[in-house]
Amino acid sequence: MENHYILSVLLGIPLLGAFFILALPRHNASLIRWVGLFFSVTTFIVSLILLSKFDKLNALFQFRDEFEWISTLKIYYSVGIDGISLPLLLLTTFLTPITMFSSWSSIQKRVKEFTFFMLLLEVGMIGVFVSLDMFLFYVFWEFMLIPMYFIIGIWGGEQRIYASIKFFIYTMAGSLLMLVAIIWVGNYAGTQSAGFTTLLSQYYILGPSIPIEIQKWMFLAFTVSFAIKVPLFPFHTWLPDAHTQAPTAGSVILAGVLLKMGTYGMIRFSIPIFPQSAQYFAPWISALAVIGIIYGALVAMVQKDMKKLVAYSSVAHLGFVVIGIFSFTPEGMQGAVLQMVNHGLSTGALFLLVGVLYERTHTREISEYGGIAKITPVFATIFLIVCLSSIGVPGLNGFIGEFLILLGAFRSSVLNNQAFAIVAASGVIFAAVYLLWMYQRVVLGPVKNDKLLSLSDMNTKELISVGLLLIFIVWIGVYPATFLSWSDAAVNNFVLKTTRQITGF
Amino acid sequence: MNTNYFFESLNFLRPEVVITVFLAVVLSFDLAFPKLKKVLPYLTALGIIISSGYAVQDFLSMQQPQPISSASKLPLLAFDALAVFFKIIILASSLFLVIFSEKSSEIKSTVERLGEYYSLILGMILGMLILVAATDFLLIYLAIELMSLSSYVLAGFLKTSTKSTEASLKYVIYGSVASGIMLFGISLAYGMTQTTNLFVAANSLTMNPGNPILLVFVSLMILSGIGYKISSVPFHFWTPDVYEGAPIPITAYLSVASKAAGFAVLIRFVKTVYPPVDGLMMISAYNINWKQILIYLSIMTMTLGNLSALWQDNLKRMLAYSSIAHAGVVLAAMATMNDEGITAILIYFVIYLLMNFGAFFIVMLIRNEINSEHIDDYNGLGYKMPFYGVMLSIFLVSLTGLPPTAGFIGKLYVFLALVNSKMIFLALIALLNSVISLYYYIRVMKHLYLMGSNDQAETLKVSFSNILVALILAIPVILFGIYFGPVADFAKNSAVMLGVR
């Protein structure tokens, strides 16, 4: 294919940018910001070119590039995207410039390091979504931890050090488990055909033939590592700390992209490599997801800190995605892919808005606020739209995703129990409770605090960054076909293939 | 006695001969020109460079493994890829040792004794070079003693520092006990087999295994001598104190070269004397289940090393415990008892050399500035000394084993060997240990960057030579993390041993 280098370009631009930043003088913060923004916007533009050349009807990997990297172990540099990774890739390249733009005023110290780490993080995130070799994937997967550790640890809140270390150790523990599984499967490939390999296409062929007893362990090793990232209940405890302590930009990237890597990993690796085990564990994982939905919602309800509330709402929202994936139906999977993007947009916007408030008042306590609708009407309106989108009100993006997921779960023959869908649906009601209750306490009612009277409304920069997200929140809500059509072919092919493998052809 | 034969065998010993000559040169130069102490490091470095040149030449021209025999035609030393590989590792670390010593303020404070310092270093190198090739119990013992005696003095080289003196004393006491036990084991082995030669002993034991209990005792006694060198648990007690007390260049050297030599002799001893456990051999009473022994040693060593490192506030001490843990990882690869495991060990040592020397180098340079290795004194140093901060972070990330650094590759090959030998359980223990180690390594980065004053203090100017040395260590650490084909091939070609199938 003629465009085989474009993904490598996509990886190269932020990497180049990161090193370019290193060469800039430290004291010229605004220059560094502009250069950082320039590189991330360029990355976004390249990803749009990618979109324009993307063939929606082709279910296979596109823009592939592959060459041997380490010959002794048959490790390849192999990249490519399909309709499932494309939306996530675009989400990544879209959110990165927005977060960099939004931290224009909130990040004042060590701007050089911040921009450097953000660009490095973007390299890692893009790499995860485009890798088609397990080794390459693993390298990017782990590589992201270091910039994220510093972003939380240097620019975070009061308890940033605790949160960053917890985040690091949790994720690393999970991913090492995956590493052993990767090596095991690579080795199995070695015993079956021509030597050790980490090429994903080989894993797809060999994985289903692994004896089921061992396959189950391998599946668990992969899935636990992804479940920690998602985070699936009960592996979620790192998330509230990391989200709350991270700076706004970190929270947005964390919620917007990093959590999706877990669910993406399940779609790309866990399920297709080990389809029989995936089917075997599907009810258990879905049960955990349902617990996560209810638990996340209940805990979110009692939070006093706005950011923590949003963090726990992520646990609930990602539970939906997991159910959608493990329903093994085209609807559920479509919904899951869309919901991943939706969550990135809505929760990203929520974190940005909480950041807007925090920057002015330096508190995220819900009880400190009240009645700011009169003081900051623009903020109040946007905040309401974003909350409604997160709840899943028809007309906004959240509804489409959740509806498709619930439909899929309801029809699913693998789950074979409508209780999943029914209990999960109650999560939507809970979401309405905790988000609207928060909205009521923060925005409506009498002005609670004299300090709030001097609150200024959103400035242009903030309007731009949230506004860009709002466009897509509404677009997906009104006309989701644009976005669903990207992943349609890939999702159908995926469901067809896995169902075939499960039922034994 | 055939004198021709003697000269012929010298051909195989060119690195050792060069070191011996330079040992004499350094000693006599120091006596003849006591004012010219400044020349000594260069002289030593020259000797090491020439010696390693020969070693590299040996490696490139290596055909078949050859014995280097005594007059009685029994192989005393092996001339094989494994030995030459370890010679290169040892000589490379020796070169770093000389460079570090030149940069260390601790060593500079003892300028009037530099002559002894460098001759002891050369003596230690000589001992190691012989040790990695020795195929005779007596020669192994003598080589261990030669390197140990030199390192005892070097560990206590800072006469005025009580810690250094204490380190030396502890080192001597533990060392003598360990080598005493080993010597006892060797003498019992001689009693069983009437030989000190490894190959003859192996043959004799195959014919007549003797009392199995005695054999186990003998093996464990010899193992304890080697275990002491590689600081494996339960022979590790000296390590933290000695590493903390000794001057940093010596600590770094002990943690890399001395361990490499210990592992070389362990590989040779186990693989030569005890043929692989397979099929019919299992029935023989002669077989000791080295696999089990090494698995237990490895688990204990990794876990204890890592758990103890968690609590250390002194960076040197932390690195000492971390080096115990790394020895445990290498022991895990050793426990596979196959070529793949040995390849993994060799890869690990190439990488470990770079990253551990790197970490110690930066710790030493920081010590030169702030005169402390305490972790609390590192608060905010990442901003005051940005270059050191970044470099130390790279080395620590690599020691943790995170991609894209070389440390990850080292761990990857160990995991590969373990999974390939169906030792998933040990792989999982190693994995858990990596997670534990992450905590204390990022703790240093936490102090460097996340804690301490946030003011943009003026940054420290770093001399060009320091940058150069740090980069020589750091660039391969990154490079081998991304492209490690050459290292893997180098190690694969080196896993060839005399007299082992």
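The values are calculated or read from the model by the stated rules, or taken from the named source; none is laboratory data. Note that the structure is predicted; figures quoted are calculated from it, not measured. Don't worry about glycine lacking a Cβ; one is built from the backbone with ideal geometry, like all the others, and counts go over all protein chains shown.
Within the bounds of region B:453-464, is there any residue that is more than 11 Å from chain A (Cβ to nearest Cβ), under 24 Å from residue B:312 (Cα atoms) and surrounded by 17 or more Cβ atoms within 10 Å (Cβ to Cβ)?
no
Restricting the first residue to region B:109-125 and requiring it to be closer than 25 Å to residue B:87 by Cβ, which pairs with a second residue that is polar (S, T, N, Q) and surrounded by fewer than 22 Cβ atoms within 10 Å (Cβ to Cβ) meet a Cβ separation below 6 Å and a spacing of at least six or different chains?
The qualifying pairs are B:120/B:150; B:123/B:150; B:124/B:150.
Quick one: which residue in B:478, B:472 is modelled with pLDDT of 90 or more and within 14 Å of chain A (Cβ to nearest Cβ)?
Every option except B:478 fails the conditions.
Just one of B:64, B:57 is of a type outside the set (Lys, Arg), part of a loop (DSSP other than H, G, I, E, B) and surrounded by fewer than 18 Cβ atoms within 10 Å (Cβ to Cβ); which is it?
B:64
Which is closer than 30 Å to residue A:493 by Cβ and either among the small types (Gly, Ala, Ser) or at pLDDT 85 or above (or both), of A:117, A:94? Walk me through how you get there before you give the answer.
On the way: A:117 fails: closer than 30 Å to residue A:493 by Cβ.
None of the other options fit; the residue is A:94.
Between a first residue in region B:6-27 that is farther than 26 Å from residue B:498 by Cβ and a second residue that is among the polar types (S, T, N, Q), which pairs have beta carbons less than 9 Å apart while being 6 or more apart in sequence or on different chains?
Pairs found: B:22/B:44; B:22/B:51; B:23/B:119; B:24/B:119; B:26/B:44; B:26/B:119; B:27/B:119.
Assigned to a helix (DSSP H, G or I), under 25 Å from residue B:308 (Cβ atoms), of a type in the set (Lys, Arg) and more than 7 Å from chain A (Cβ to nearest Cβ), is that true of residue B:446?
no
Could you run through region A:363-418 and say how many residues are surrounded by fewer than 24 Cβ atoms within 10 Å (Cβ to Cβ) and acidic (Asp, Glu)?
The qualifying residues number 2.
State all residues of region B:195-226 that are out of contact with any Phe, Trp or Tyr (no Cβ under 7 Å at 6 or more places or on another chain), modelled with pLDDT under 85 and not in a helix (DSSP H, G or I); if no residue qualifies, say none.
Of everything in region B:195-226, those that are out of contact with any Phe, Trp or Tyr (no Cβ under 7 Å at 6 or more places or on another chain), modelled with pLDDT under 85 and not in a helix (DSSP H, G or I) turn out to be B:208, B:210, B:211.
I'm told residue A:132 meets every condition in (1) away from chain B (no Cβ under 11 Å); (2) out of contact with any Phe, Trp or Tyr (no Cβ under 7 Å at 6 or more places or on another chain); (3) of a type in the set (A, V, I, L, M) except one. Can you identify the failing condition by its number?
(2)
Can you say whether residue A:98 is more than 10 Å from chain B (Cβ to nearest Cβ), farther than 30 Å from residue A:74 by Cβ and within 19 Å of the chain's Cα centre (by Cα), as far as the supplied structure shows?
Considered against the rule, which asks whether it is more than 10 Å from chain B (Cβ to nearest Cβ), farther than 30 Å from residue A:74 by Cβ and within 19 Å of the chain's Cα centre (by Cα), residue A:98 comes out as yes.
Is it the case that region B:68-75 has a residue that's in a helix (DSSP H, G or I) and out of contact with any strand residue (DSSP E or B) (no Cβ under 7 Å at 6 or more places or on another chain)?
So far as region B:68-75 goes, no, none of its residues is in a helix (DSSP H, G or I) and out of contact with any strand residue (DSSP E or B) (no Cβ under 7 Å at 6 or more places or on another chain).
Can you tell me how many residues within region A:347-383 are part of a helix (DSSP H, G or I) and farther than 16 Å from residue A:313 by Cα?
Filtering region A:347-383 for residues part of a helix (DSSP H, G or I) gives A:347-361, A:366-368, A:377-383.
Still in the running and farther than 16 Å from residue A:313 by Cα: A:355-361, A:367-368, A:377-382.
Total satisfying the criteria: 15.
Taking residue A:146, is it more than 30 Å from residue A:64 (Cβ to Cβ), in a helix (DSSP H, G or I) and within 12 Å of chain B (Cβ to nearest Cβ)?
no
I'd like the full set of residues that are of a type in the set (Ser, Thr, Tyr) and within 14 Å of another protein chain (Cβ to nearest Cβ), limited to region A:192-241.
If the condition is that a residue be of a type in the set (Ser, Thr, Tyr) and within 14 Å of another protein chain (Cβ to nearest Cβ), then A:197, A:198, A:225 are the ones that fit.
Residue-by-condition table, conditions (1) away from chain B (no Cβ under 14 Å); (2) assigned to a loop (DSSP other than H, G, I, E, B); (3) touching a residue at least 24 places away in the same chain (Cβ under 8 Å):
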residue: A:126; (1), (2), (3): yes, no, yes
residue: A:141; (1), (2), (3): no, no, yes
residue: A:150; (1), (2), (3): no, no, yes
residue: A:158; (1), (2), (3): no, yes, yes
residue: A:161; (1), (2), (3): no, no, no
residue: A:168; (1), (2), (3): no, no, no
residue: A:190; (1), (2), (3): no, no, no
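Taking residue A:109 as the residue in question, decide whether it is within 11 Å of chain B (Cβ to nearest Cβ), at negative phi and of a type in the set (D, E, K, R).
When the stated conditions are applied, residue A:109 passes them.
From the set of residues in region A:221-235 that are surrounded by fewer than 24 Cβ atoms within 10 Å (Cβ to Cβ) and of a type outside the set (A, V, I, L, M), which is farthest from residue A:465 (Cα to Cα)?
The extreme case among them is A:234.
Residue check: is residue A:175 within 14 Å of chain B (Cβ to nearest Cβ) and either part of a helix (DSSP H, G or I) or free of Cβ contacts under 8 Å to residues at least 60 places away in the same chain (or both)?
Against the criterion (within 14 Å of chain B (Cβ to nearest Cβ) and either part of a helix (DSSP H, G or I) or free of Cβ contacts under 8 Å to residues at least 60 places away in the same chain (or both)), residue A:175 qualifies.
Checking residue A:109 against (1) in a helix (DSSP H, G or I); (2) over 22 Å from residue A:170 (Cβ atoms), only one condition comes out false. Which one?
Residue A:109 satisfies all of (1) in a helix (DSSP H, G or I); (2) over 22 Å from residue A:170 (Cβ atoms) except (1).
Just checking, which of B:70, B:104 is under 15 Å from residue B:254 (Cβ atoms) and modelled with pLDDT under 90?
Only one candidate passes the filter, namely B:104.
Between residues in region B:433-453 that are on the phi > 0 side of the Ramachandran plot and residues that are in a helix (DSSP H, G or I) and at pLDDT below 90, which pairs lie under 7 Å by C-beta distance while being six or more apart or on different chains?
none
Given the conditions (1) within 14 Å of another protein chain (Cβ to nearest Cβ); (2) at pLDDT 85 or above, which single one is not true for residue A:37?
It fails just one condition, (1).
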